[in-house]
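The structure under discussion appears below in the form of structure tokens.
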Amino acid sequence: MTVNLTLVVLAGILFGSGVVLLMARSLVRALLGVLLMSNGVNVVFLVASGAPGRAPIVGKASADGVTVGADGISDPLPQAMVLTAIVIMLAVTAYCLALAHRSWQLSSSDNVEDDPEDTRIGQLADSDRVPDTDYADTTDPHALADAATDDRGDHR
């Protein structure tokens, strides 16, 4: 099997550009990165499927019903997988564009901001003071269980 070097290089460029765009804070750039990576993976699927051949349903039947010349038939499974991936990426694109539009409406920016809670946890981890629990009051470990029971002792 010979591999088309042009398609391999194209897949590498698409995937590499997609990774660079995906690392951006902008939702639209991240979406473009995901789209480029998806197209790169689709090209890899087509490269891995082998050499192009005849259509899979074309064949000449002999008089006894045996198909003749079926050795040059292309495999339809990678083509079906790429078609399915294109449809899924269309749905993901629509969803991400809706998120970016809503983010733009709320903050006039499509940049993803730092989460304050994530920043706090990162600072605790840097200072090696990560607590074992997220609850601040650990004096009564059964306080949550007691709040869920009523006077008879049954769970609500």
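The values are calculated or read from the model by the stated rules, or taken from the named source; none is laboratory data. The structure displayed is predicted, hence computed values, not measured ones. Backbone-built Cβ (ideal geometry, glycine too); neighbour counts: all protein chains shown. Just the protein is used for accessible areas: all its heavy atoms, side chains included, with ligands, DNA and RNA removed. Shrake-Rupley method; radii C 1.70, N 1.55, O 1.52, S 1.80 Å.
Just one of (1) modelled with pLDDT of 85 or more; (2) part of a loop (DSSP other than H, G, I, E, B); (3) more than 30 Å from Glu113 (Cβ to Cβ); (4) hydrophobic (A, V, I, L, M, F, W, C) trips up Ala24, so point out which. (3) is the only condition that Ala24 fails. The one condition from (1) at pLDDT 60 or above; (2) under 30 Å from Ala51 (Cα atoms) that His142 does not meet is (2).
Out of curiosity, is Asn4 open to solvent by 50 Å² or more (accessible area, probe 1.4 Å), within 16 Å of Val92 (Cβ to Cβ) and out of contact with any strand residue (DSSP E or B) (no Cβ under 7 Å at 6 or more places or on another chain)?
Working: open to solvent by 50 Å² or more (accessible area, probe 1.4 Å): yes; within 16 Å of Val92 (Cβ to Cβ): no; out of contact with any strand residue (DSSP E or B) (no Cβ under 7 Å at 6 or more places or on another chain): yes.
Considered against the rule, which asks whether it is open to solvent by 50 Å² or more (accessible area, probe 1.4 Å), within 16 Å of Val92 (Cβ to Cβ) and out of contact with any strand residue (DSSP E or B) (no Cβ under 7 Å at 6 or more places or on another chain), Asn4 comes out as no.
Of all residues in the stretch 38-56, those being open to solvent by less than 40 Å² (accessible area, probe 1.4 Å) and either farther than 16 Å from Gln79 by Cα or part of a helix (DSSP H, G or I) (or both) number 5. Filtered by the rule that a residue be open to solvent by less than 90 Å² (accessible area, probe 1.4 Å), free of Cβ contacts under 8 Å to residues at least 12 places away in the same chain and not β-branched (Val, Ile, Thr), the stretch 72-95 gives Ala80, Ala91, Ala94. Candidates are the residues of the stretch 12-37 that are open to solvent by less than 70 Å² (accessible area, probe 1.4 Å) and β-branched (Val, Ile, Thr); the one that is farthest from Arg102 (Cα to Cα) is Val19. Taken over the stretch 102-135, the residue count meeting the criterion of being touching a Leu at 6+ places or on another chain (Cβ under 7 Å), in a loop (DSSP other than H, G, I, E, B) and either under 23 Å from Ala24 (Cβ atoms) or modelled with pLDDT of 80 or more (or both) is 2.
For the stretch 96-126, how many residues meet the condition of being loosely packed, with under 11 Cβ neighbours inside 10 Å and either touching a Phe, Trp or Tyr at 6+ places or on another chain (Cβ under 8 Å) or within 24 Å of Leu36 (Cβ to Cβ) (or both)? Qualifying residue count for the region: 1.
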